[in-house]
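The values are calculated or read from the model by the stated rules, or taken from the named source; none is laboratory data. What you see is a predicted model, and the numbers here were worked out from it, not measured in a lab. Cβ coordinates were reconstructed from backbone atoms using ideal geometry, including for glycine residues, and neighbour counts include every protein chain displayed. For accessibility, only protein heavy atoms count, side chains too; no ligands or nucleic acids. Shrake-Rupley method; radii C 1.70, N 1.55, O 1.52, S 1.80 Å.
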Amino acid sequence: MRIRSLCTLLVCSLALPFLALAAPPGRALSLEQALELAVRNNQTVEIARLEVLRADEDVSEAYSYALPSVDVSAAYNHNIKQPVFLFPGENGEQQYITIGLKNSYTADITVTQALFNYAVLTGVGTANVYANVSREALKSTIVREAFNTRVAYLQALLAQENVRLYEASKESIAENMRRVNILFEEGLVSEYDALTLQLLFESADNDVLAAQDEETAALAGLKQTIGADADEEFELSDQLTVPQMPSATSLGELQAQAIEMNYDLATLRLQRQVTDELLEVERADYVPSLSAFGQYALQGQSDDMDFGALTDVETAVVGVQLNWNLFRGNRTSSKMEKARIDKQKVDQQINLVESQIRNNVETAYLQLQTALKRVQVQQRSVDRAQRGYEIAQTRYDNGIGSQLELKDAETTRVQSGLAYAAAVFQAQVARATLDMLTGSVEPSLIEI
């Protein structure tokens, strides 16, 4: 007894390091957490977020044109051959006088301030509207990627449910196979029944392997969507449940909500404002601009680099400048006409998208209704299939049923379970589509 205890202790001590090296179970991942990870890590969302930052810098740049401009310049010249000034002499020969010294420098500072510039005023407004466009585009991207994440999560849940159903079927077949093998050894059933169950078990094992491959692929797609590492392990904590109809009670209300809240449409409406602002920017070419300026300059010359108070000269000037474009060969009018055409294009896009959204909402709404009805039908099929399997199992145990009858009942039970899970998945996808079209998303996800 003592030796056995020592051996047990030795085996346990040797096994502990290997147990410590075992991979820890994956962390739980809910749909809410997956959505948060997607918004934080998804590359498409990050690109849209960077576009917002760029638009903010455009606003800062637009405001900068209204601020004073300060320029400093300096230059130094060394005359290898000094310049001359030519003039005719008394006998007709040209005479010249050397001007300047060998070394000279100039330095000045110039300040310019726009007093009135219509292009600057309209440019600031355009930049602000474009910044709002980029923010709405970011929200639209987040809603779209949230939909993709939701569908990827649902696909992973469906794949896991299929694995569970196939594994349960395999375990049920294995249990029957153990019982039949015992009866076969006692001579109570034929070898054909035992071989039939063995083949059925192997087929069920192949189904499990195929379902596991689909589960691996679905999880890989989910990882890519949420920006997780390929080798990261996690367990889905949510379940594949039947969704509810939206709070809006009618199709018309859902369509109206989509027209009002859809972020793609909101982005297009702001783009229409951008075209209005761009039209004003082009119109600014017809308006004069007025600016003030001031300059202070210092210059000096010397042959021996001895610059000082006797050689340096200071100058200063202030003034205003008026610029007015009177004619540019119809370029301004052509630019304005192109801006008007761009606005008409955006209007047509808005009408087109509104029509598409109404149609898509109607399609998703009908698909959700159909899927929910299919869920109810499949639920009854699952119940009937389970009851039929129990009857077939009882008949076989009592010797009045056949192995073929039991096999058919098991197949029907598995297929009804798979169909039910697929119906729930389709209902969830239809509801996710409606939420995307109507802009229904957690406010925390689109906080900018």
Name the longest site-free stretch of the chain, where the excluded sites are chymotrypsin sites (Phe, Trp or Tyr not before Pro) in a DSSP loop with no more than 16 other beta-carbon atoms within 10 Å.
66-306
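Give, rounded to the nearest 20 debye, the magnitude of the charge dipole that the chain has about its Cα centre when Lys and Arg contribute +1 at Cβ and Asp and Glu contribute -1 at Cβ.
That gives a dipole near 1060 debye.
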If I compute solvent accessible area with a 1.4 Å probe over the protein chains, what percent of it on region 81-205 is carbon and sulfur?
56
Excluding residues on the same chain fewer than 8 positions from LYS81, give the lysines whose Cα lies under 29 Å from its Cα.
LYS102
Would you work out which of ILE99, ALA146, VAL242 lies farthest towards the positive end of the dipole of the chain? Charges go on Cβ: Lys and Arg +1, Asp and Glu -1.
VAL242
On the accessible surface of region 214-350, probed at 1.4 Å, how many percent belong to carbon and sulfur atoms?
51
Quick one: 3J(HN,Hα) in Hz for region 217-229, Karplus 6.51/-1.76/1.60 with θ = phi - 60°, rounded, Gly and Pro as x.
5, 5, 5, 5, x, 5, 4, 5, 5, 8, x, 8, 5
Applied in sequence order to region 145-159, the curve 6.51 cos²θ - 1.76 cosθ + 1.60 (Karplus, θ = phi - 60°) yields integer Hz couplings, x standing for Gly and Pro, of 6, 5, 5, 4, 5, 4, 5, 4, 5, 5, 5, 5, 4, 4, 5
Dipole axis of the chain (+1 Lys, Arg; -1 Asp, Glu on Cβ), positive-most option in SER333, ALA430, SER69
ALA430
Degrees, to the nearest 10: 251-261 long Cα axis against longest axis of the chain:
30
Positive-end residue, region 333-448 charge dipole about Cα centroid, Cβ charges, pick of ILE391, TYR420, ILE350:
ILE350
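Return one whole number: the accessible area per residue of the chain in Å², for a 1.4 Å probe.
On a per-residue basis, the chain sits at 61 Å².
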Cα gyration tensor category, rounded, prolate or oblate, for region 178-235 with a/c compared to 1.5:
prolate
Under 23 Å Cα to Cα from LYS335, which lysines show up? Leave out anything in the same chain fewer than 8 places away.
LYS343, LYS345
Kindly identify the chain as rounded, prolate or oblate by the Cα gyration tensor criterion: order the square roots of the eigenvalues as a ≥ b ≥ c, call it rounded if a/c is under 1.5, otherwise compare a/b with b/c, prolate if a/b is larger, else oblate.
prolate
